[in-house]
Amino acid sequence: MSAPRVLVVWCPDWPVTAVGLDASTPAAVVASARVEACSAAARAAGVRRGQRLRDAQRHCPGLVVRDRDPDAEGRLFETVAAAVSTITPWVEVVRPGVCAIPVRGAARYHGGTDREAAEESLRIHVQDTVVERGFDCGVGVADGLFAAELAARTSDGGTVVPPGGTPDFLAPYPVTVLGRPELADLLPRLGIHTLGAFAALPARHVTSRFGADEVRAHRLARGLDARPTAPRPPHTDLTVTTEFDPPAAAAEQVVFAAKTLAERLHEALAAEALACVRIGVEVTDARGRTQSRLWRYDGALSALAVAERVRWQLSSWEAPPDEEGVGGIVLLRLLPDQLVPDEGRQEALWGQVTVSDRIMRAAARVQAMLGHQGITRPYPVGGRGPGERVVRVPVGDLPPEPAASEGRWPGRIPDPAPAVVHPDPLPVRVTGADGAPVTVSARCVVSAPPHQIEVDGRVLPVTAWAGPWPARERWWDPARFRRRARFQVVTADGGARLLVVEGGRWYIEADYA
């Protein structure tokens, strides 16, 4: 059975729009020194998504760079979702920049009885409504969410794929559009370059050769939903609700409650052997106004993912409680909307839950109290100094791409890595045997071998040293240009330290033991 007819609204380069830049400005939104999104003007200059920032600036010297702001993306996209909800209230937010509505009822109401003409009329009506709010968009209609988004991305502003024609529409697309890099790397090596070729593989062969995620990708290539719907409704009402008395004025309080509700919902789903991939979030304020949104997630919605979407939804309501303000939240309700069979997961031996699950639940609770940046996880990335080779990502956010650690990084200190990296380097005085300060010239010539260092009132003789490792960074940007050199020294007390000299001043950047 084919997937239901879906209309998708796609706003191009939404992360760029969310930070206040337009398509005519050569701009890029970055995270972990990688381009996450770029404007049309930047693409015309050679900037591409996934590029390292310095490569993007080499292609486009006048590139305007902004850090990615997920909260701003969710808050601003509420304007688009609200515009679409004037046409039909059943709006599903796939992610900031993409939303969808079911076609059947809306097309009949707005377009008439002729199916194809009605769908095209609805597509144009939705597109005009969003454009009137000041946002460029493409609108597509097809069988299933995946095909409808590709239809919205066509060069002419979107198209309507005829009913039953989705497999033929998808067939010419490369396998990279599935958004699964490992699969996109493997399939061409097997001689499979397009979705049509991938869809032609028998489902039983894909199931026996690949995992569950690849099976879902195969269903998408065939024009089906990624997951089949649940064969039966749940035995009980799985809706979970919490009330706030007095009204919750802070978004973090509601987000924390959302995590708790999501955990209760997941326990109820587990008892029914079901998973939820689309959830309804209903928020009611002190004035009796209710805002409802459907949120989809590529995979089962975790408690943290639910809370993140509640935070996005609340971001558009964060206004002072004046006559026009919200005045606080009094009710939060989570409604599981699209249920699929639970595919299960691998548990630890003896029936224990994996340690990572317990850690994530504990981290989610603490993060709700301390804020989104309260708990982070370290990930290795590219860089020369020890403090630059690790980036801290808030728990629940996507880790940096593996490509972020690529590159030779001339001037990078050799392994092993230091044991302790000081957040603020410690000032130190380095002198030679004659007592004169050791200097390093622009050509990295050391004036004298380091003989001793003075730190915190202590004088420590140097027994061994190595270096320098020079680094000349961001030479193209006068405001951020840096020239420095690093040394490894071992002192008479048995300690090993990483020293850095910059602008004639010495610092202890890290300790090895």
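At-a-glance table
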read-out: Boolean, VAL455 is within 14 Å of TRP506 (Cα to Cα) and either open to solvent by 80 Å² or more (accessible area, probe 1.4 Å) or in contact (Cβ under 8 Å) with a residue 40 or more places away in the chain (or both); value: yes
read-out: The one condition in (1) small (Gly, Ala, Ser); (2) in a strand (DSSP E or B); (3) modelled with pLDDT under 65 that ALA319 fails to fulfil; value: (2)
read-out: Some residue of segment 344-358 being modelled with pLDDT of 80 or more and among the hydrophobic types (A, V, I, L, M, F, W, C); value: no
read-out: Of all residues making up segment 19-39, the number that are open to solvent by 40 Å² or more (accessible area, probe 1.4 Å) and of a type in the set (D, E, K, R); value: 2
read-out: Residue among VAL94, VAL29, VAL8 that alone is modelled with pLDDT under 90 and part of a strand (DSSP E or B); value: VAL94
read-out: Test for VAL80: is it under 26 Å from ARG48 (Cβ atoms) and surrounded by 17 or more Cβ atoms within 10 Å (Cβ to Cβ); value: yes
read-out: Residue check for VAL35: under 21 Å from the mean Cα position of the chain (by Cα) and touching a residue at least 24 places away in the same chain (Cβ under 8 Å); value: no
read-out: Count of segment 184-213 residues which are among the β-branched types (Val, Ile, Thr) and touching an Asp or Glu at 6+ places or on another chain (Cβ under 7 Å); value: 1
read-out: Residue count, segment 171-185 (criterion: open to solvent by less than 40 Å² (accessible area, probe 1.4 Å) and either out of contact with any strand residue (DSSP E or B) (no Cβ under 9 Å at 6 or more places or on another chain) or within 14 Å of VAL215 (Cα to Cα) (or both)); value: 5
read-out: Where GLY164 falls short, out of the listed (1) over 29 Å from the mean Cα position of the chain (by Cα); (2) open to solvent by less than 40 Å² (accessible area, probe 1.4 Å); value: (2)
read-out: First in segment 259-284 and in contact (Cβ under 8 Å) with a residue 60 or more places away in the chain, second anywhere and polar (S, T, N, Q) and open to solvent by less than 10 Å² (accessible area, probe 1.4 Å), Cβ under 9 Å, 6 or more apart; value: LYS259/GLN367
read-out: Conditions (1) open to solvent by 60 Å² or more (accessible area, probe 1.4 Å); (2) at pLDDT 90 or above; (3) of a type outside the set (Asp, Glu); (4) over 29 Å from the mean Cα position of the chain (by Cα); number of the one not met by LEU190; value: (2)
read-out: Segment 97-114 - residue that is open to solvent by 20 Å² or more (accessible area, probe 1.4 Å) and touching a residue at least 60 places away in the same chain (Cβ under 8 Å) and, of those, farthest from CYS137 (Cα to Cα); value: ARG104
read-out: Qualifying helices (runs of 4 or more DSSP H) (wholly inside segment 36-85; at least 3 residues being touching a helix residue (DSSP H, G or I) at 6+ places or on another chain (Cβ under 9 Å) and of a type outside the set (S, T, N, Q)); value: 70-85
read-out: Selection from segment 489-513 of residues that are within 40 Å of the chain's Cα centre (by Cα) and either open to solvent by 40 Å² or more (accessible area, probe 1.4 Å) or at pLDDT below 85 (or both); value: GLU502, GLY503, ARG505, TYR507, TYR512, ALA513
read-out: Residue that is nearest to ALA83 (Cα to Cα) [pool: residues in segment 99-151 that are among the basic types (Lys, Arg) and part of a helix (DSSP H, G or I)]; value: ARG123
read-out: Residue in segment 125-141 that is of a type in the set (Ser, Thr, Tyr) and modelled with pLDDT under 90 present; value: no
read-out: When residues of segment 228-249 are limited to those that are part of a loop (DSSP other than H, G, I, E, B) and at pLDDT 75 or above, the one least open to solvent (accessible area, probe 1.4 Å); value: LEU238
read-out: Some residue of segment 114-125 being in contact with a strand residue (DSSP E or B) (Cβ under 7 Å, 6 or more places away or on another chain) and within 30 Å of ARG34 (Cβ to Cβ); value: no
read-out: Selection status of GLY435, closer than 19 Å to GLY383 by Cα, over 36 Å from the mean Cα position of the chain (by Cα), open to solvent by less than 60 Å² (accessible area, probe 1.4 Å) and small (Gly, Ala, Ser); value: no
read-out: ARG123 over 16 Å from VAL6 (Cβ atoms) and basic (Lys, Arg); value: no
read-out: Candidate set: segment 280-316, residues that are of a type in the set (A, V, I, L, M, F, W, C) and part of a loop (DSSP other than H, G, I, E, B); chosen: the one modelled with the lowest pLDDT; value: ALA300
read-out: Those residues of segment 250-265 which are touching a strand residue (DSSP E or B) at 6+ places or on another chain (Cβ under 9 Å) and crowded, with 19+ Cβ neighbours inside 10 Å, in sequence order; value: VAL254, ALA257, ALA258, LEU261, ALA262, LEU265
read-out: Test: residue in segment 143-155 that is over 24 Å from the mean Cα position of the chain (by Cα), surrounded by fewer than 21 Cβ atoms within 10 Å (Cβ to Cβ) and free of Cβ contacts under 8 Å to residues at least 12 places away in the same chain; value: yes
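The values are calculated or read from the model by the stated rules, or taken from the named source; none is laboratory data. In this text, all values refer to a predicted model and were calculated from it rather than measured experimentally. Note that each Cβ is placed from the backbone with ideal geometry, even for glycine, and that neighbours are counted across all protein chains shown. To get the accessible areas, we keep the full protein, side chains included, count just its heavy atoms, and leave off ligands, DNA and RNA. Shrake-Rupley method; radii C 1.70, N 1.55, O 1.52, S 1.80 Å.
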